[in-house]
Amino acid sequence: MDCYSFDRIISDYIDANLNVKLRQEANEHIEACPRCREKLADLKSILSKLSSMPTCKTRSDFESRLMDRINQTKEQKESRFIRMFQDYSRPISVVAAVMLLVATSIFVYTSVVIPNSPDSIPSAEIRSMEPNKSITPPATAIANVKPTLVNANNVGSLPDTNKVETQNYNNQIMMVNE
Amino acid sequence: MDREKIKYTDEELVKRFQEGDERAYIELVKRYKDRLLNFVYRYLNSFEQSEDVVQDTLMKLYTSAHMYREIAKFSTWIFTIAANLAKSELRRLKRRRVISIHSMGFDDKEYEIPSEDYDPAKETTSNYGEKQIQQAIDTLPDQFKTVIILREVQQLSYEEISQILGISIGTVKSRINRGRLRLQKLLKELKEQ
């Protein structure tokens, strides 16, 4: 091992991180090289000094100052929220008022203006007063009729009240159409 | 709590704090304030600024504890925060020193305010004085400075340093080796002056 190689492993040598073979080579080099021997001893002394340097301590009021800062931050956060609410309360109320006005206008328009206009679809009462208009049975009525007819066919000769009702209903439609 | 706190690990304390127990936070502060101060002080070489950085670190713990996940050791996590804040502070201090030199007029005078801060250099006795060692640490490039402080002053393992700095163990080993040799060289130069 030469001095350059020893320089590269000097930390591992101090920390005892070398395998047996390398450690043996390093030991042989230290024995033979006074410069590296001195360098190793000097470095060891520096590291020992570093690790034993006196430790600092925080001042006695450190914790109370920290807690003050935390409380201050908490208060700031709360006041920021309140301030934000105060800052935005005016625009929020304006927007809410506008939305309410628009909603009311739409409601009034759909319930009063549209039904009275001539182009609008006539209401149920108006439709029933017009004699020439055909009346289509409501969807529910048709839905009720169809399955009963199928069932009546299956039963055969038994009298079926539903079938009669359906026929009556169809007659009514025909009469209205005439 | 006094009887209870002995059995809690750092990770358990953070968990309790995350669940809303503020006493756990105070216990963590007690455990870490001086350890962090020692690390930051060696890094910045200014007691006042270092204490501020430690306060900021512990404030960050208070506000961001929910971000801690138990995949890493708590000590690694808190040292990472402190290291980042210390780096920013050092950059800020360097900038400020440059500005103050530039802005000094002919009539301006810089007064050194006597400080009652702790000065480790006062206690030096051996070959290399602590002042010299601290001076050499200050002169070290940042990449060596951090690993040297974490390894030699804080006595952290290679693995912990690798986690704190987000670098591989191989890089940590290499930086420690080069940092130690650089420190030795700097100290020799300081001694010769």
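A few remarks follow.
- Residue B:71 falls short on exactly one of the conditions (1) within 14 Å of another protein chain (Cβ to nearest Cβ); (2) surrounded by fewer than 21 Cβ atoms within 10 Å (Cβ to Cβ); (3) farther than 21 Å from residue A:53 by Cβ, and that condition is (1).
- When residues of region B:61-91 are limited to those that are among the aromatic types (Phe, Trp, Tyr) and within 16 Å of residue B:33 (Cα to Cα), the one nearest to the chain's Cα centre (by Cα): B:79
- All told, residue A:21 meets the bar of being farther than 24 Å from residue B:184 by Cβ, more than 14 Å from chain B (Cβ to nearest Cβ) and out of contact with any strand residue (DSSP E or B) (no Cβ under 9 Å at 6 or more places or on another chain).
- Filter pass, residue B:16 being open to solvent by 60 Å² or more (accessible area, probe 1.4 Å), over 16 Å from residue B:160 (Cβ atoms), more than 10 Å from chain A (Cβ to nearest Cβ) and not in a helix (DSSP H, G or I): no
Here is a yes/no grid of residues against (1) outside any helix (DSSP H, G or I); (2) farther than 30 Å from residue B:48 by Cα; (3) in contact with an Asp or Glu (Cβ under 8 Å, 6 or more places away or on another chain):
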position: A:49; (1), (2), (3): no, no, yes
position: A:67; (1), (2), (3): no, no, no
position: A:74; (1), (2), (3): no, no, no
position: A:77; (1), (2), (3): no, no, no
position: A:83; (1), (2), (3): no, yes, no
position: A:93; (1), (2), (3): no, yes, no
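Here is a yes/no grid of residues against (1) closer than 30 Å to residue B:184 by Cβ; (2) among the charged types (D, E, K, R); (3) exposed (fewer than 13 other Cβ atoms within 10 Å of the Cβ):
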residue	(1), (2), (3)
A:36	yes, no, no
A:43	yes, no, no
A:51	yes, no, yes
A:60	no, no, yes
A:63	no, yes, no
A:71	no, no, yes
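- Residue A:55, sole failed condition from (1) open to solvent by 60 Å² or more (accessible area, probe 1.4 Å); (2) within 11 Å of another protein chain (Cβ to nearest Cβ); (3) in a helix (DSSP H, G or I): (3)
- From the options B:191, B:145, residue that is in contact (Cβ under 8 Å) with a residue 60 or more places away in the chain and farther than 15 Å from residue A:47 by Cα: B:191
The values are calculated or read from the model by the stated rules, or taken from the named source; none is laboratory data. Just so it is clear, the model here is predicted, and its values are computed rather than measured. Reconstructed Cβ throughout: ideal geometry from the backbone, glycine too, with neighbour counts over all protein chains shown. What goes into the accessible areas is simple: the full protein's heavy atoms, side chains included, and nothing from ligands, DNA or RNA. Shrake-Rupley method; radii C 1.70, N 1.55, O 1.52, S 1.80 Å.
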